[in-house]
Amino acid sequence: MKNDDNNNRQQQHNTNTNTNIGLLDSRFNQTLLNVQGLLKGRSIPGKILSSQRVDLPDISNLYSPTYNRSLSYNAAGTSDHTSETGEDEVHSTSKPVGSSNENRLKISTSPVENSSELELKSSMGGRATDSARVMKFTKVLSETMVILEKLRELAWSGVPDYMRPTVWRLLLGYAPPNSDRREGVLKRKRLEYLECVSQCYDIPDTERSDDEINMLRQIAVDCPRTVPEVPFFQQQLVQKSLERILYTWAIRHPASGYVQGINDLVTPFLVVFLSEHLEGSIDNWSMSDLSSDKISSIEADCYWCLSKLLDGMQDHYTFAQPGIQRLVFKLKELVMRIDEPVSSHMEQQGLEFLQFAFRWFNCLLIREVPFNLVTRLWDTYLAEGDALPDFLVYIFVSFLLTWSDKIQKLDFQELVMFLQHLPTENWSDQELEIVLSRAFMWHSMFNNSPSHLST
């Protein structure tokens, strides 16, 4: 009789546990849907209720902490404004403590991806260009003093193409938020770039050191390899512009010098600033249609924006690239917490995260997604400001776990090949938005709770 009672209690306990796990799945699903609701172009994070108000029975091994998401709005030190809305509370789903419950995070993502994809297909088509968003951008940009917090909130979800050059200059702190000063500052910085080129680049090799000659040769080798799938970058004038920008930047930043991968980072800036002067598809662009003065101004904007971007991640490109190694370690730890089966499988196969993720951090995913999606991805990058390096980890976790089920079926050699040639060639904005929304949700849940990285 006693054994029967014990069995009944155990069955009841299992039933209650399964019920609560089901509720957790429901709350997790709702979290992602709520986040994606935010990402439909209205705004990013103010106060987000990222769980349903479901009364759960008391379970001793579950708790519901509050997570805070904090965004930096001081990129390049150009604004004294600090965000208040970005620090409002984010109520997360109940966070499992035991390893079996941790796995529920991963298990519940599959149906979320399916439902969210349907939602995104029906609602996302014209996010960056719908009239309401364009009006919001226009209002913010028309102010004498642009409020960068508001601009970041809008830009996080995508920027209309024709506004992107202005928005990016402001987000990076290259152009001042004060419109009365903007034209004068840009003119001065463009002249300063020309002076740098004349001093660093337009000189004979006899005036360069051996290291500088070798660096220039390496840049000259890498430029034709840059975004090889886009014919525009095979134009000689384009490659010469890349060479001038990269070499001048390397000479002016001796702590890192030129590192392979930085050539990729110039390309989004070049395309965005060229779009102010060339119409239609990039497939029909020709640099020869532009005057030398316009090309110089475009190069200058690329140079200064690259400098602003890399100011926030200098140790990514110094000797041994310790910043990237640190972020790869965080990526590994976060994957272990969010999707333990994937983490275990990769470890069992002997695959190190550095073998594939180093390139992701080094080139900021430019080589992993179709080039036509890169500028949309970079809208979010630049909106993150100083917080970008940490947020990259969450984007890359979300990106990797897109193929969670597939990864668990591959052996070592297959994993290496798969992760070096991910099947993103047919991706559209919809797939990218799913990656970003999951990244935002996991950042909200985990970033201010460092215990998820404890062993």
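Looking only at the stretch 198-229, how many residues end up being farther than 20 Å from D264 by Cα and hydrophobic (A, V, I, L, M, F, W, C)?
Of the residues in the stretch 198-229, 3 are farther than 20 Å from D264 by Cα and hydrophobic (A, V, I, L, M, F, W, C).
Consider R169 carefully, then state whether it is modelled with pLDDT of 95 or more, within 19 Å of A300 (Cα to Cα) and not β-branched (V, I, T).
When the stated conditions are applied, R169 passes them.
State all residues of the stretch 342-372 that are part of a helix (DSSP H, G or I) and exposed (fewer than 15 other Cβ atoms within 10 Å of the Cβ); if no residue qualifies, say none.
Correct list: S344, E347, Q348, N372.
Quick one: how many residues across the stretch 258-296 are in a helix (DSSP H, G or I) and either free of Cβ contacts under 8 Å to residues at least 40 places away in the same chain or buried (at least 20 other Cβ atoms within 10 Å of the Cβ) (or both)?
Residues meeting the conditions: 19.
Can you confirm whether D386 is at pLDDT below 95 and under 16 Å from the mean Cα position of the chain (by Cα)?
yes
Would you confirm whether any residue within the stretch 419-433 is of a type in the set (G, A, S), touching a helix residue (DSSP H, G or I) at 6+ places or on another chain (Cβ under 9 Å) and not in a loop (DSSP other than H, G, I, E, B)?
Taking every residue of the stretch 419-433 in turn, none turns out to be of a type in the set (G, A, S), touching a helix residue (DSSP H, G or I) at 6+ places or on another chain (Cβ under 9 Å) and not in a loop (DSSP other than H, G, I, E, B).
Just to be sure, is D379 open to solvent by 10 Å² or more (accessible area, probe 1.4 Å) and assigned to a helix (DSSP H, G or I)?
So D379 does not fit the description; no.
What tally of residues in the stretch 188-218 results from selecting those that are touching a helix residue (DSSP H, G or I) at 6+ places or on another chain (Cβ under 9 Å), in a helix (DSSP H, G or I) and of a type outside the set (F, W, Y)?
14
Need pairs with beta-carbon distance below 7 Å; first residue more than 10 Å from M145 (Cα to Cα) and within the stretch 173-185, second surrounded by fewer than 17 Cβ atoms within 10 Å (Cβ to Cβ) and modelled with pLDDT under 95; sequence gap 6+ or separate chains.
G173/G77
When you scan the stretch 198-217, how many residues do you find that are surrounded by 12 or more Cβ atoms within 10 Å (Cβ to Cβ) and either at pLDDT below 95 or of a type in the set (D, E) (or both)?
Within the stretch 198-217, residues that are surrounded by 12 or more Cβ atoms within 10 Å (Cβ to Cβ) and either at pLDDT below 95 or of a type in the set (D, E) (or both) number 1.
Can you name every residue in the stretch 229-252 that is touching a residue at least 60 places away in the same chain (Cβ under 8 Å) and surrounded by fewer than 20 Cβ atoms within 10 Å (Cβ to Cβ)?
The answer is E229, V230.
For the stretch 407-452, give me each residue that is open to solvent by 60 Å² or more (accessible area, probe 1.4 Å), of a type in the set (D, E, K, R) and under 19 Å from the mean Cα position of the chain (by Cα).
Correct list: E425, D429.
Being open to solvent by 10 Å² or more (accessible area, probe 1.4 Å) and in contact (Cβ under 8 Å) with a residue 60 or more places away in the chain is the filter; apply it to the stretch 156-171 and report the residue that is nearest to T144 (Cα to Cα).
R169
The values are calculated or read from the model by the stated rules, or taken from the named source; none is laboratory data. What you see is a predicted model; the values in this text were computed from it and never measured. We place every Cβ from the backbone using ideal geometry, glycine too, and count neighbours over all the protein chains shown. Areas reflect the complete protein model, heavy atoms only, side chains present, ligands, DNA and RNA absent. Shrake-Rupley method; radii C 1.70, N 1.55, O 1.52, S 1.80 Å.
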